[in-house]
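Asker: I have a structure here, written as structure tokens, and I will follow up with some questions on it.
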Amino acid sequence: MSTRKHTALPKAQILIEALPWLTRHNGRVVVVKFGGNAMVDEDLKAAFAQDVVFLRQAGLRPVVVHGGGPQISAQLDRHGLVSEFKAGLRVTTPEAMDVVRMVLAGQVQRELVGLLNQHGPLAVGLTGEDAHTITAIKHQPLIDGELVDIGRVGEITRIDSGAIEALLEDGRIPVISSIARAEDDGHVYNVNADTAAAALAAALGAETLMVLTDVEGLYVDWPNSDEVISRLTATQLEKLLPDLSSGMVPKMEGCLFAVRNGVNTARVIDGRVPHSILLEIFTDEGIGTMVVPDGHPLVAQEQGEA
């Protein structure tokens, strides 16, 4: 009996530590951007699905947004289409767009929905085209002072969250592919999944946005240091943006947009760590970088302690 008590006690302590977080987040929307290594490693995929279902069963309302860079590149290769990038964005010809749409909606989303639904009739897949969820216009990045045409890459102009909200009310887990309907020409656009997740988090009034990456978080002085910034304000992040690596820019711009548009916290977390979502959201330490609005209670509390 004493041995059983001893082995069960740490489990009870873990659950108790989660209690205030469960209470705080109960009924709240959590938008999770699925990407990086967690998207291609089978064990990490399964752990991700377990985490999202746990959030749902614990009283939160998770929404998953995904891209599919590695899968798109592999499928383009199979079709003999070259993957070209400009300003960190995939050049998307009409032929490539057909592949992007097929991979995101027909492969990545289907697999993710299937993993989630191993745990019950929970997940429903959408793309941004469905019910006008995401609307976009052509995005032309500024490179060396000139606007550059990169094909069917979209800039989000409008979010209609009605279909997602209806699914959440029904107890479902929406899984959204980052494809948008065109505002002007009847076609579709490939949109950055980090940007889409941030826009959806703001439109849904989410409690938090969580972006899975292949790094531990935002580093203080990369590559000279591997120390991770555990928390920073929107203004502090804005000052750092010009010096960030190209891969981190859309993620951190997404976090900045989210907290400036009503989302309480935005977090970049290491998707290579199994169950990183639960570690970040239900423990006191957290494991990634959290961005908070200026004047957030956590900041005020720290300034009061200083």
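Asker: For the stretch 251-281: of the residues being in contact with a Gly (Cβ under 7 Å, 6 or more places away or on another chain) and buried (at least 20 other Cβ atoms within 10 Å of the Cβ), which is nearest to D294 (Cα to Cα)?
Answerer: Ranking the candidates gives R267 first.
Asker: Could you identify the single residue in A58, A8, A49, A38 that is modelled with pLDDT of 95 or more and open to solvent by less than 70 Å² (accessible area, probe 1.4 Å)? Steps first, please.
Answerer: Details: A58 fails: modelled with pLDDT of 95 or more; A8 fails: modelled with pLDDT of 95 or more; A38 fails: modelled with pLDDT of 95 or more.
None of the other options fit; the residue is A49.
Condition check ((1) among the hydroxyl-bearing types (S, T, Y); (2) in contact with a Leu (Cβ under 8 Å, 6 or more places away or on another chain); (3) closer than 22 Å to E155 by Cα; (4) at pLDDT below 90) across all residues:
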| site | (1), (2), (3), (4) |
| --- | --- |
| A203 | no, no, yes, no |
| D214 | no, no, no, yes |
| G217 | no, no, no, yes |
| D221 | no, no, no, yes |
| T233 | yes, no, no, no |
| P242 | no, no, yes, yes |
| G247 | no, no, yes, yes |
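Asker: So, one more: Any idea which of (1) in a helix (DSSP H, G or I); (2) open to solvent by 70 Å² or more (accessible area, probe 1.4 Å) is the one P121 doesn't satisfy?
Answerer: All conditions are met except number (1).
Asker: Another one. Can you name the residue in the stretch 188-231 that is open to solvent by less than 10 Å² (accessible area, probe 1.4 Å) and in a strand (DSSP E or B) and, of all such residues, is farthest from V65 (Cα to Cα)?
Answerer: Only one residue tops the list, namely Y189.
Asker: Right, G80: more than 14 Å from V65 (Cα to Cα), in a helix (DSSP H, G or I), open to solvent by 20 Å² or more (accessible area, probe 1.4 Å) and out of contact with any helix residue (DSSP H, G or I) (no Cβ under 9 Å at 6 or more places or on another chain) or not?
Answerer: Spelling it out, it is not the case that G80 is more than 14 Å from V65 (Cα to Cα), in a helix (DSSP H, G or I), open to solvent by 20 Å² or more (accessible area, probe 1.4 Å) and out of contact with any helix residue (DSSP H, G or I) (no Cβ under 9 Å at 6 or more places or on another chain).
Asker: Okay, moving on. Might you let me know whether the stretch 164-187 holds any residue that is loosely packed, with under 14 Cβ neighbours inside 10 Å, closer than 22 Å to G88 by Cβ, over 22 Å from the mean Cα position of the chain (by Cα) and not aromatic (F, W, Y)?
Answerer: No, there is no match, as no residue in the stretch 164-187 is loosely packed, with under 14 Cβ neighbours inside 10 Å, closer than 22 Å to G88 by Cβ, over 22 Å from the mean Cα position of the chain (by Cα) and not aromatic (F, W, Y).
The values are calculated or read from the model by the stated rules, or taken from the named source; none is laboratory data. Bear in mind the structure is a predicted one, so any value in this text is a computation, not a measurement. Glycine also receives a Cβ, built like all others from the backbone with ideal geometry; neighbour counts cover every protein chain displayed. When the accessible area is computed, the model is the full protein with side chains, heavy atoms only, and any ligands, DNA or RNA have been set aside. Shrake-Rupley method; radii C 1.70, N 1.55, O 1.52, S 1.80 Å.
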